[in-house]
Structure formats: C-alpha cells, structure tokens
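Undergrad: Please read through the structure below; I'll follow up with questions.
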Amino acid sequence: PIWIVSVQAEAVDFAAGQGLSILAHADEPLEAVRDKFARHRAALQAAGGHPTYAEYPVIRDVFVAESTAEARAMAEACGEQRRRWALIGDPDAVAGALRRYRTEAGMTHVLCRVPFPSLGQAAIMAMLHLFQAEVWPRLQA
C-alpha cells in the first residue's frame, strides 16, 4: 500500500483526490487522528472513491510491560518527546488504547515503534514478546 503522511488538511485532501490512504503521524492525539480520518473519508467520497476500502494506519510509540509502573519507567527513560502520544501501560491498557483508535478514529493498521536504543535490546525484545503474547490477542477478541 501507499500511505501519505499528512500533516496539513491540504495533504489529506490531495491524498483522497488521488485515491490514496493517509498515515496518522506519531505526534497527533486521538482527537486529531479521528478528525483527519473523517476529513479523508469525506474527501475520498467526494472524489468518487470508496472510503470502505481505504486504509487508516496510525504510528505510535509503544511502552508495554507487565505493570503500568514499569512501562512508565521505560517511557521516562526515553524522554518527553517519546511519551507525548505514546501508548504506555500494561497489556490491558495498551490494548484498550488501540481499541479506542480503532473504534473512535477508524484505525485499520498500527505501526508500533519500540526500538528505543536507550532501553537496550533485552528490554525491547521483552516488549515485543509481551505485545505479541498479551496485547495482540486482546485486540483479536
């Protein structure tokens, strides 16, 4: 697929006019993502496209651990910029946040950014394994 990162409304409209999907930037809150995706759906339909077939991916930094306190500590170690719109918490909290993106904004894909060098490879791999074992199944239910 081709996804256009759209920061400005004009880019959303351009992508819709070309029949392309947009990718929600990692630095946008849920409300902005919801509004952007709604604008794209309307513009796509106005251009003769079919919003049903559009993809709506979101990029998010993800800090998942057995406890929310542990996930917050990892996020703190990576600095303010990484925490702004990150998904931080235990598996239930992260799965719940992703469900909100799906139900409130219409997200169809999530690109999880987890390779934070300051955490070290063992912590990154533990997060990936926990996401796969505990978060992903919750999203499938």
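Results for (1) surrounded by 15 or more Cβ atoms within 10 Å (Cβ to Cβ); (2) touching a Leu at 6+ places or on another chain (Cβ under 9 Å); (3) of a type in the set (Gly, Ala, Ser), shown as yes or no for each residue.
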{"site": "Arg39", "(1), (2), (3)": "yes, no, no"}
{"site": "Pro57", "(1), (2), (3)": "yes, yes, no"}
{"site": "Arg60", "(1), (2), (3)": "yes, yes, no"}
{"site": "Phe63", "(1), (2), (3)": "yes, yes, no"}
{"site": "Ala73", "(1), (2), (3)": "no, no, yes"}
{"site": "Gly89", "(1), (2), (3)": "yes, no, yes"}
{"site": "Asp92", "(1), (2), (3)": "no, no, no"}
{"site": "Met125", "(1), (2), (3)": "no, no, no"}
{"site": "Phe131", "(1), (2), (3)": "yes, no, no"}
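Undergrad: Still on this structure, I have one more. Which residue is nearest to Glu31 (Cα to Cα), if the candidates are limited to the stretch 98-115 and must be assigned to a loop (DSSP other than H, G, I, E, B) and in contact with a strand residue (DSSP E or B) (Cβ under 8 Å, 6 or more places away or on another chain)?
TA: Checked the stretch 98-115; the qualifying residue nearest to Glu31 (Cα to Cα) is Met107.
Undergrad: So how many residues does the stretch 31-62 have that are modelled with pLDDT under 95, outside any helix (DSSP H, G or I) and either aromatic (Phe, Trp, Tyr) or at positive phi (or both)?
TA: 1
Undergrad: Is there any pair with a first residue in the stretch 112-141 that is on the phi > 0 side of the Ramachandran plot and a second that is in a loop (DSSP other than H, G, I, E, B) and among the aliphatic types (A, V, I, L, M) whose Cβ atoms are under 8 Å apart and which are 6 or more apart or on different chains, and what are they?
TA: Close Cβ pairs (under 8 Å, with a partner that is in a loop (DSSP other than H, G, I, E, B) and among the aliphatic types (A, V, I, L, M)) do not exist here.
The values are calculated or read from the model by the stated rules, or taken from the named source; none is laboratory data. Predicted model only: the values in this text are computed from it and were never measured. Neighbour counts run over all protein chains shown; Cβ positions are idealised from the backbone, glycine included.
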